[in-house]
1. As an exercise: evaluate Ala166 against (1) more than 15 Å from the chain's Cα centre (by Cα); (2) modelled with pLDDT of 95 or more and give the number of the one condition it does not meet.
2. Quick one: in region 84-132, which of the residues that are surrounded by fewer than 17 Cβ atoms within 10 Å (Cβ to Cβ) and of a type in the set (S, T, N, Q) is farthest from Glu154 (Cα to Cα)?
3. What tally of residues in region 17-60 results from selecting those that are under 18 Å from Thr229 (Cβ atoms) and either among the β-branched types (Val, Ile, Thr) or in a helix (DSSP H, G or I) (or both)?
4. Identify the residue in region 186-206 that is over 21 Å from Leu149 (Cβ atoms), in contact (Cβ under 8 Å) with a residue 60 or more places away in the chain and in contact with a Ser or Thr (Cβ under 9 Å, 6 or more places away or on another chain) and, among all such residues, is most open to solvent (accessible area, probe 1.4 Å).
5. From (1) over 19 Å from Leu170 (Cβ atoms); (2) among the hydrophobic types (A, V, I, L, M, F, W, C); (3) open to solvent by less than 40 Å² (accessible area, probe 1.4 Å); (4) out of contact with any strand residue (DSSP E or B) (no Cβ under 8 Å at 6 or more places or on another chain), pick out the condition that doesn't hold for Leu35.
6. Does Ala112 fit the bill of being in a loop (DSSP other than H, G, I, E, B) and aliphatic (A, V, I, L, M)?
7. Does Arg61 qualify as being within 26 Å of Thr211 (Cβ to Cβ), at pLDDT below 95 and surrounded by fewer than 20 Cβ atoms within 10 Å (Cβ to Cβ)?
8. Filter region 68-83 down to the residues that are part of a loop (DSSP other than H, G, I, E, B) and closer than 12 Å to Arg47 by Cα, then identify the one that is least open to solvent (accessible area, probe 1.4 Å).
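The values are calculated or read from the model by the stated rules, or taken from the named source; none is laboratory data. What you see is a predicted model, and the numbers here were worked out from it, not measured in a lab. Here the Cβ is made from the backbone with ideal geometry for all residues, glycine too, and neighbour counts use every protein chain on show. In case anyone asks, the SASA skips ligands and DNA or RNA and just uses the protein heavy atoms, side chains included. Shrake-Rupley method; radii C 1.70, N 1.55, O 1.52, S 1.80 Å.
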Amino acid sequence: MRPIEVGALAKRYGRTTALDGIDLHVEAGQVYGLLGRNGAGKTTLMRVLLGLVRPGSGTVRVLGHAPGDPAVFRRIGALVEGAAFYPHLSGRDNLRLLTRYAGLAESEVDKALERVGLSGRADDRYRGYSLGMKQRLGVASALLGSPELVVLDEPANGLDPAGMAALRELIRSIGDEGGTVLLSSHLLGEVEQVCDRVGVIHAGRMAFEGTLAELTAGRSLEERFFELTGEGDWAPSPERRTA
Ligand SMILES: Nc1ncnc2c1ncn2[C@@H]1O[C@H](COP(=O)(O)OP(=O)(O)OP(=O)(O)O)[C@@H](O)[C@H]1O
Ligand SMILES: [Mg+2]
């Protein structure tokens, strides 16, 4: 059984087609990177996988279950578009709450804080955290309980170079220990260094799926990315067909 199986997934928000026939297969132990421009559909895809938004049509199985099935809740860790934490509580207390909610041992909290290098500031209030510290706490929350599937939406956001390097190592270590990681990123170099397999989403469709070597075929990742997703302009979101 693959940890993630998605077939012909479509999702529409009103007249906007966010996902338009996505197929995605992620194997156990893989680090899978989703690339795509702003508005391509990365976050929406992750939200569907986590049961946070309902798919319009298509098939979705996560760890062999329907998305959001309580049976697999504890086996999945996720950080999707800015985790919400209580500002008046410390980082540590925020994670404690999450372990309680998920029925995990409290000892998981310090382990996760350690892994993201936040132990030294764990007792400070969340509202006093810098952007990168907030992001680290979000990543820590996804690691609680060492879940077998970790979904990270742009985990490198706001991290300093040392933090990014540490994050890469962390993500690799999850994969090396047999865990599966699905991450999204705008940082082509990050994806290049850490992912076994990549998917390029463009306007709600998979424009490419395969290994990095297959994607680049000897050329630069940037060049290939632009080729698949359009170049240059600041053009906000790709054009969409409206129903
Ligand atoms: N809750 C929502 N209501 C309406 N439209 C939405 C909603 N969420 C996403 N969309 C639309 O769906 C499309 C895909 O958005 P999504 O957030 O999945 O893109 P993304 O690839 O994560 O982009 P980014 O790189 O900017 O994070 C966009 O056109 C977006 O405006
Ligand atoms: Mg997004």
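1. It fails just one condition, (2).
2. Checked region 84-132; the qualifying residue farthest from Glu154 (Cα to Cα) is Ser107.
3. Here the count works out to 6.
4. So, considering only residues that are over 21 Å from Leu149 (Cβ atoms), in contact (Cβ under 8 Å) with a residue 60 or more places away in the chain and in contact with a Ser or Thr (Cβ under 9 Å, 6 or more places away or on another chain), the one most open to solvent (accessible area, probe 1.4 Å) is His202.
5. (4)
6. no
7. For Arg61, the condition - within 26 Å of Thr211 (Cβ to Cβ), at pLDDT below 95 and surrounded by fewer than 20 Cβ atoms within 10 Å (Cβ to Cβ) - is not met.
8. Per the criteria, the residue is Val80.
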